[in-house]
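K.L.:
Input: one structure, supplied below.
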Amino acid sequence: MPLVKDIFIGLSKNQLLNRAAKNYGLKLGAQNVVAGTTIEETIQSIKKLNAEGISCTVDNLGEFVFEREEATKAKEQILLMIEAIHTENVDAHISLKPTQLGLDIDYNFCLDNLKEVVKKANEYDIFINMDMEDHMHLQPSFDLLDDLSETYENVGTVIQAYFYRAVEDIEKYKNYRLRIVKGAYKETEQYAYQTKEEIDANFIKLIEWHLLNGKFTSIATHDHHVINHVKQFAKENQIPNDQFEFQMLYGFRKELQLKLAQEGYNFTTYVPFGDDWYGYFMRRLAERPQNLNLVVKQTFTKKNNILIGLTAGAFLLGRLTKNKN
Ligand code: FDA
């Protein structure tokens, strides 16, 4: 399925469709995988998950921001969410993307935004996870983490198993709370493993290493083969349950999420919210085209049809131009 993956990754970066999607609200099935457009709606979704014994990491959707005003708006929204987590006393922390806070505009501008967020979260003992994006942003994101760590401890990040350098990164950052994932972006063989077998093998290797040597490990995957392997590995190596957790995305494999929580494993659901859902949603389709079943179940309203038409147009254009973004 590499062509289909390429097409959806290409679509995820399409600025025109992104803008159109914002105007149309949660459509195309995105409402199944995005917890709400407002903080109030999202807090209600978090409360429901908390009641099932599931913790949450909350992501104000948005990335690849190129205007200072937009980055500042995103920061304000994250600060409001931190305040809401505190006042509503819900079990949740924050995930954020450095490009949403201005990494593509200016490093120091982004760092200042991040400092404000991490400081506020620190006051309430709330953890901040810096999501990892594509290769271009990898080293600058680790630099941000280094700078933030000079003052704050309530911050961690993500290790993407498809990168060759992940082994060195995990060793360097072993004393941080780390989320380990396979990796969601399109990367070239210069930097990253390309086959599923290689990525899966490195994923397992990194998870095992961090479980044995690291601080707290978040294993973020919907892959039951990996989950079963981790359960067995933890048992055989007497890794206590409070040393790790499983994470999955909101709306995916809900029964398995609940089952793991009921079995006594720490479980955190990644809860995205906001109107900037398009890129996130297209990446989910790139990972697993079967997720299209979330799309086709939706009613075909007039507004939906316009968006579907635009998406189909870009899809065909992607095929014609062999879009490799
Ligand atoms: P993958 O898609 O490889 O599927 C493997 C197998 O699992 C499938 O063949 C199937 O058997 C089963 N499966 C998967 N999904 C299923 C479903 N919905 N229903 C039934 N079976 C299913 N990436 C990144 O680059 N930076 C980041 O910061 C993050 N952050 C992040 C947080 C969280 C909480 C998650 C879950 C993921 C991320 N990711 C990410 C995305 C990650 O890198 C990866 O692209 C996706 O999780 C997809 O890979 P999986 O390991 O989930 O399974």
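The values are calculated or read from the model by the stated rules, or taken from the named source; none is laboratory data. This structure is a prediction, so every number in the text was calculated from the model and none was measured. All Cβ positions, glycine included, derive from the backbone under ideal geometry; neighbour counts span all protein chains shown.
K.L.:
With the requirement that a residue be part of a helix (DSSP H, G or I), farther than 13 Å from Thr268 by Cα and touching a strand residue (DSSP E or B) at 6+ places or on another chain (Cβ under 6 Å), what does region 38-73 give you?
P.N.:
If the condition is that a residue be part of a helix (DSSP H, G or I), farther than 13 Å from Thr268 by Cα and touching a strand residue (DSSP E or B) at 6+ places or on another chain (Cβ under 6 Å), then Thr42 is the only one that fits.
K.L.:
For region 79-110, give me each residue that is surrounded by fewer than 20 Cβ atoms within 10 Å (Cβ to Cβ) and either in a helix (DSSP H, G or I) or among the polar types (S, T, N, Q) (or both).
P.N.:
Within region 79-110, Leu79, Leu80, Glu83, Ala84, His86, Thr87, Asn89, Tyr107, Asn108, Phe109 qualify.
K.L.:
Still on this structure, please answer the following. From the list Asn122, Asn108, Asn113, which one is at pLDDT 95 or above, more than 14 Å from the ligand (Cβ to nearest atom) and either outside the structural domain of Gly62 (by TED's automatic domain parsing) or within 28 Å of Lys48 (Cβ to Cβ) (or both)?
P.N.:
Among Asn122, Asn108, Asn113, only Asn122 is at pLDDT 95 or above, more than 14 Å from the ligand (Cβ to nearest atom) and either outside the structural domain of Gly62 (by TED's automatic domain parsing) or within 28 Å of Lys48 (Cβ to Cβ) (or both).
K.L.:
If we scan region 174-185, do we find a residue that is surrounded by fewer than 21 Cβ atoms within 10 Å (Cβ to Cβ), near the ligand (Cβ under 9 Å from one of its atoms) and not aliphatic (A, V, I, L, M)?
P.N.:
yes
K.L.:
Within the bounds of region 203-214, is there any residue that is modelled with pLDDT under 75 and among the charged types (D, E, K, R)?
P.N.:
No: zero hits.
K.L.:
How do the pairs read when you match residues in region 216-243 that are modelled with pLDDT of 95 or more with residues anywhere that are loosely packed, with under 14 Cβ neighbours inside 10 Å and part of a helix (DSSP H, G or I), using Cβ under 8 Å and keeping only pairs 6 or more apart or on different chains?
P.N.:
The qualifying pairs are Ala234/Asn241; Asn237/Leu212; Ile239/Leu212.
K.L.:
Here is a follow-up. In the list Glu133, Glu197, Glu168, Glu153, which residue meets the criterion of being acidic (Asp, Glu), more than 9 Å from the ligand (Cβ to nearest atom) and in a loop (DSSP other than H, G, I, E, B)?
P.N.:
It is Glu153.
K.L.:
Out of the residues in region 160-173 meeting the condition of being more than 13 Å from Asn213 (Cβ to Cβ) and either in contact with a His (Cβ under 6 Å, 6 or more places away or on another chain) or acidic (Asp, Glu) (or both), tell me which one is surrounded by the fewest Cβ atoms within 10 Å (Cβ to Cβ).
P.N.:
Per the criteria, the residue is Glu168.
K.L.:
Same structure, new question: In this structure, is Tyr162 within 14 Å of the ligand (Cβ to nearest atom) and among the aromatic types (Phe, Trp, Tyr)?
P.N.:
yes
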